[in-house]
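For reference, the structure is listed below as structure tokens.
The values are calculated or read from the model by the stated rules, or taken from the named source; none is laboratory data. Given the structure is predicted, the values throughout are model-derived calculations rather than measurements. A quick note on method: Cβ atoms are made from the backbone with ideal geometry, for glycine too, and the neighbour counts reach across all protein chains shown.
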Amino acid sequence: MKNPSQSLISRLAFRLICFFPLQPTIIRSAMKQTRLLSVNLQDIDAEILAQATAVFHAGGLVSFPTETVYGLGADALNETAVRKIFTAKQRPAYDPIIAHIATVDDLPRLAINIPDVAYQLADHFWPGPLTLILPKAAHVPDALTAGGATVAVRCPNHPLAQALIRAAGTPIGAPSANRFSHTSPTTAQHVWDDLNGRIDLILDGGATTIGVESTVLDLTQAVPVLLRPGGVTLEALTAVLPIVRQRETAVAISPDTTAQPSPGMLDKHYAPKTPLWLFSGSDAHIRNELHRILNEQPPKQTALMIAEEDLPYFTDHTGEIGIVGSLADLDGVAKNLFRTMRQLDNDKNTLILARNYPAVGIGQALQDRLRRAAASLFTN
Ligand code: TXA
Ligand code: MG
């Protein structure tokens, strides 16, 4: 559990630094001095890019925004630097990292035997939230690919990410900038909360626009395999690439019709510290179930993570309510999902009850993230 006064101090320090971005922005910590610089995306400061580039060239770590979530970057071709990402995030070495490039022309710097379909997809979706898995070039460090023969590559659609990669002159390896298995960060404050004292620099470019990570597509199989649903929807993908195989989901939904929770079946990820219970089914079923659980739990400590349309049914709830967005605008829900999850994950709440969303468009990614964040699943 976070100490509330520590968290307040952290927030105040963050605000101060945002307010005086060009003042010395050094916060002392037992481990490392993390600098935080605020960046104007309309007019990216060359001096800030130079500072970030210097960190990359020295083998250090820089967190920066992409259109999906904040990344934790290092020079992808520097093995020692890439290893530092794993240490900072406390990420197991078996989980490989995405290399970010500024243009498709740099793809051959990382991958070999690149199939035509990769260029076709890049043509449609790059820069953008699509990650392609390809056979790796020999010089790509094992640390990046977790010793595997393939490399994940993405070209982000964000002015600061683009400027940074170009300035660094090297592909940037970057996972999401959260502690391993914690909720992904969509603001610089989230990165600060997770990694202050563990990395060199955070570039604050405001909240990310998509809010969930990129779609990961494996092009090394006979039929492309969707490894992770994300910012590019399956519908958009299949318009370009008619045959895509979906990976067997790592997360089992309980077939139990008595709506019992099914703990221990989940590929835990994206998880808040406060247990999150996820409710699926029709809107009426979800609302009934939420009411049933609210009758059994201390209401003041039970937070609801629901849609605008649910709100009229819970006006007498005395605990915290996080509205993620409207059922009619799943892109809006995606944008707010992780932020709301983090907001409700505070010392006051002992439980978060969250609704699920339809698997349409970006809804597939919403379902994936919510299921993996959940301690228990309730379905009908
Ligand atoms: O939107 C995103 O993809 C963000 C931003 C920062 O670009 N990055 C991100 O990275 O979400 P990360 O590390 O949190 O998730 C990358 C996923 C992981 O599940 C990892 O296992 C998978 O991609 N991955 C990376 N390299 C792979 C490879 N060679 N083969 C299969 N999966 C791979
Ligand atoms: Mg991640």
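When segment 28-74 is examined, which residues are found to be surrounded by 23 or more Cβ atoms within 10 Å (Cβ to Cβ) and either in a strand (DSSP E or B) or without any contact (Cβ under 8 Å) to a residue 60 or more places away in the chain (or both)?
Listed by number, the residues that qualify are 34, 36, 62, 63, 64, 65, 70, 71, 72, 73, 74.
Out of everything in segment 352-363 that is in contact with a Leu (Cβ under 6 Å, 6 or more places away or on another chain) and outside any loop (DSSP other than H, G, I, E, B), what residue ends up being surrounded by the fewest Cβ atoms within 10 Å (Cβ to Cβ)?
Applying the filter and picking the extreme gives 363.
Take the residues in segment 51-85 that are polar (S, T, N, Q) and within 16 Å of ligand 2 (Cβ to nearest atom); name whichever of them is nearest to residue 195 (Cα to Cα).
In this case the residue turns out to be 63.
I need the full set of residues from segment 151-200 which are within 13 Å of ligand 1 (Cβ to nearest atom), surrounded by fewer than 22 Cβ atoms within 10 Å (Cβ to Cβ) and more than 28 Å from residue 370 (Cβ to Cβ), in order please.
Listed by number, the list holds a single entry, 162.
Got at least one residue in segment 114-126 being surrounded by 15 or more Cβ atoms within 10 Å (Cβ to Cβ) and touching a Lys or Arg at 6+ places or on another chain (Cβ under 9 Å)?
yes
Hey, can you tell me all the residues within segment 40-68 that are out of contact with any His (no Cβ under 9 Å at 6 or more places or on another chain) and either within 16 Å of ligand 1 (Cβ to nearest atom) or at pLDDT below 95 (or both)?
52, 56, 61, 62, 63
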